[in-house]
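To keep things clear, I will list the structure first and then write my remarks on it.
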Amino acid sequence: MKYDATHVSEAEEFPVTMTLELSEKCNLRCPFCHLSVFEPEKPNQISLEQFEEHFAPAMARIKSLTLHYKFEPLTCRDFVPIFRRISEFDIETYFSTNGILLTEKARDVIVGNLTYLTVSVTGFTPESYKKQMGYDGLEKVRKNLRALNALKKERGTRYPILRISTVGKLDALDELKSAVDFADEFDAEEGVQLTFFRAMDESMESERPVHDPEFFTATTNEALAYAESRKVKLFLQSGDLEANRKETEELGHKYCRIPWNGMTIQPDGDVFPCPVAHTSVGNAYEQPIEEIWSGERLAHFRDRVNNPDDMNEECRTCHHCRVGSVVRTETTDLSYKDSFLRLKRKDENVRRAG
Ligand SMILES: C[S@@+](CC[C@H](N)C(=O)[O-])C[C@H]1O[C@@H](n2cnc3c(N)ncnc32)[C@H](O)[C@@H]1O
Ligand code: SF4
Ligand code: SF4
């Protein structure tokens, strides 16, 4: 779509969606993840008191809330009481987890209350899971999902609606049909999502689908047919490579309206126009959310989202899973970047020790 200046003024009155990252920690270090290569300056998390004072009032006005982006929401110390409070509001809620910390207390508070839950699994045998996720945890995830489903059945609810997410790196694609079987086994209504793989350093570079588009296309087509035969949904985040190339040709990303619809807030209160942006537009602990939403800093950012002649740096190289161009190196190979998603690249010594 061509740049059209009329779009820049069409913001909602208040954010419709909010991404509120509860914690900046993770219990795992999946080798493919940004966390194995980048780190936050300080891993903050939201307390129940902070949630109550700064975010609870907004819950009555938004329509949907996401509780993760780049870390593990279940590592938040106050996850259970915060989520219990969120459940008092009539909003759609969602988060993604590795599923290891889906404890009895967490299951108790989310079953019947959380709308969507994504469980991320790459590697569907104990050995391949350990290789991909860096931890021997597949049996634990299976056990937690069995317990979650048993509680859903006991409470007579379909919530949380489950989805299995698996990373679209070339060396994991041969297990895509196993991902479909896994989703089927655990009644994942939303089936399987294959994520848009981004290489975090040189060691992962060769696993980008652009290096073997024929294999990517053949394997995903076969898995799509298999999923259809099993009546399981299979969604490719990037779309097929050719369609993605066409859709992103002009801007480098798909036409994006995210900063007109919602905002992203980190545990230190910093507010961003979208999960990817590193340009802070205010702080929710220092300023009311509505003021930040209608403020000049966000307006200036919006003005440069879809404008090819004057584009925000983060939009130009957008890595957002649903928006970026699969075929451009700038959006899928991050090995040249010193920072990513507001995280700093660890120095070599820290990486070797960690
Ligand atoms: C960063 S995690 C955060 C939430 C939670 N910890 C989890 O794993 O679901 C969000 C999603 O990003 C995916 N992911 C991690 N590293 C990736 C990469 N390099 N390329 C594509 N997807 C990736 C994960 O598999 C997960 O589904
Ligand atoms: S993908 Fe999720 S579980 Fe794995 S290290 Fe990253 S944040 Fe943690
Ligand atoms: S960085 Fe990506 S997701 Fe964020 S506003 Fe720009 S294009 Fe949209």
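The values are calculated or read from the model by the stated rules, or taken from the named source; none is laboratory data. These figures come from a predicted structure and were not determined experimentally. Heads up, the Cβs are rebuilt from the backbone with ideal geometry, glycines too, and the neighbour counts pull from every protein chain shown.
From the list 222, 291, 314, 228, exactly one residue is without any contact (Cβ under 8 Å) to a residue 24 or more places away in the chain, part of a helix (DSSP H, G or I), among the acidic types (Asp, Glu) and under 30 Å from residue 192 (Cα atoms). Which is it? After applying the criteria, what remains is 228.
Suppose we keep only residues that are within 14 Å of the chain's Cα centre (by Cα), in a loop (DSSP other than H, G, I, E, B) and closer than 19 Å to residue 86 by Cβ within the stretch 25-71. Which one would you say is farthest from ligand 1 (Cβ to nearest atom)? That would be 67.
Within the stretch 313-334, does at least one residue satisfy the condition of being among the hydroxyl-bearing types (Ser, Thr, Tyr), away from ligand 3 (no atom under 15 Å from the Cβ) and either surrounded by 21 or more Cβ atoms within 10 Å (Cβ to Cβ) or modelled with pLDDT under 90 (or both)?
The initial filter retains those residues of the stretch 313-334 that are among the hydroxyl-bearing types (Ser, Thr, Tyr), namely 317, 325, 329, 331-332.
Right, trim to away from ligand 3 (no atom under 15 Å from the Cβ) and you get 329.
Among the residues that remain, those that are also either surrounded by 21 or more Cβ atoms within 10 Å (Cβ to Cβ) or modelled with pLDDT under 90 (or both) are: 329.
Yes, there is a match, as at least one residue in the stretch 313-334 is among the hydroxyl-bearing types (Ser, Thr, Tyr), away from ligand 3 (no atom under 15 Å from the Cβ) and either surrounded by 21 or more Cβ atoms within 10 Å (Cβ to Cβ) or modelled with pLDDT under 90 (or both).
Checking 276, 271 one by one, the residue that is in a loop (DSSP other than H, G, I, E, B), within 20 Å of the chain's Cα centre (by Cα) and modelled with pLDDT of 85 or more is 276 and no other. For the stretch 216-249, residues that are closer than 24 Å to residue 335 by Cα and modelled with pLDDT of 95 or more total 0. Check the stretch 226-247 and report whether any residue there is among the β-branched types (Val, Ile, Thr) and surrounded by fewer than 17 Cβ atoms within 10 Å (Cβ to Cβ). The answer is no; no qualifying residue exists. Which number in (1) under 21 Å from residue 328 (Cβ atoms); (2) not in a helix (DSSP H, G or I) marks the one condition that residue 189 misses? Only one criterion in (1) under 21 Å from residue 328 (Cβ atoms); (2) not in a helix (DSSP H, G or I) is unmet by residue 189, namely (1).
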